[in-house]
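*Asks:* Shown below is the structure under consideration.
The values are calculated or read from the model by the stated rules, or taken from the named source; none is laboratory data. As the structure is a computational prediction, the values presented were derived from the model and not from experiment. Counting neighbours? That spans all protein chains shown, and the Cβs are built from the backbone with ideal geometry, glycine included.
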Amino acid sequence: MANSYVHTCLRVRDPEASQAFYGALGFEPRGRLNFESAYNLYMGLPGGGDVLELTVNRGHDAPYDLGTGYNHMALTVDDLGAVLRDLEPLGVQPEKAPYHPGGRDDLPLIAFVADPDGYRIELIDGGVFETPQDPAD
């Protein structure tokens, strides 16, 4: 049996705001799984699996400590400007204007946004992305 990536789990406080945010990024609601003290909301991109698990811990109202280990998840988008415009009514602004990472014009434009709980999301313009590799020194 081959290994396969299943999902990323994020703990969220406001499931409606989180679903609206990820919905603006193209994610679709897929289902819910209830537990005694929490529930999971599953979301996925069209044609893909349920790769995003939003966990809502009942009675947890304080912001989650995101720690120093998490940095971001990355998504490709067909039109970065359009996605940023879709996020604007939700009160979401990019950390800074879209830019080429490291000043490298050979890489696509990117922008970072934060979801309602502060998780950073990298948006990569162009819809298709292969992780760039520089030759070893």
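*Asks:* Return the total of residues in the range 16-43 being assigned to a strand (DSSP E or B), under 22 Å from D79 (Cα atoms) and of a type in the set (F, W, Y).
*Replies:* The total comes to 0.
*Asks:* Now, a different point. Taking the range 86-137 as the search range and keeping residues that are of a type in the set (F, W, Y) and out of contact with any Ser or Thr (no Cβ under 7 Å at 6 or more places or on another chain), which one is farthest from Y22 (Cα to Cα)?
*Replies:* Applying the filter and picking the extreme gives Y99.
*Asks:* Out of the range 96-137, which residues are within 23 Å of L10 (Cβ to Cβ) and among the aliphatic types (A, V, I, L, M)?
*Replies:* I110, A111, V113, A114, I121, L123, I124
*Asks:* So, of the residues in the range 91-118 that are in contact with a helix residue (DSSP H, G or I) (Cβ under 6 Å, 6 or more places away or on another chain) and touching a residue at least 40 places away in the same chain (Cβ under 8 Å), which turns out to be surrounded by the most Cβ atoms within 10 Å (Cβ to Cβ)?
*Replies:* The extreme case among them is D115.
*Asks:* Residue under question is V51, and the condition is that it be in the same structural domain as D125 (by TED's automatic domain parsing) and under 18 Å from G127 (Cα atoms); does it hold?
*Replies:* No, not satisfied.
*Asks:* Let me ask you something else. Among the residues of the range 44-82 satisfying the criterion of being touching a His at 6+ places or on another chain (Cβ under 9 Å) and either part of a loop (DSSP other than H, G, I, E, B) or among the hydrophobic types (A, V, I, L, M, F, W, C) (or both), which is surrounded by the most Cβ atoms within 10 Å (Cβ to Cβ)?
*Replies:* Ranking the candidates gives L52 first.
*Asks:* Hey, could you check the range 119-130 for residues that are free of Cβ contacts under 8 Å to residues at least 60 places away in the same chain and of a type outside the set (A, V, I, L, M) and say which is nearest to H100 (Cα to Cα)?
*Replies:* Taking the candidates together, the pick is D125.
*Asks:* Which condition number does A111 fail, the rest of (1) of a type in the set (A, V, I, L, M); (2) at pLDDT below 95; (3) farther than 30 Å from F35 by Cβ being met?
*Replies:* (2)
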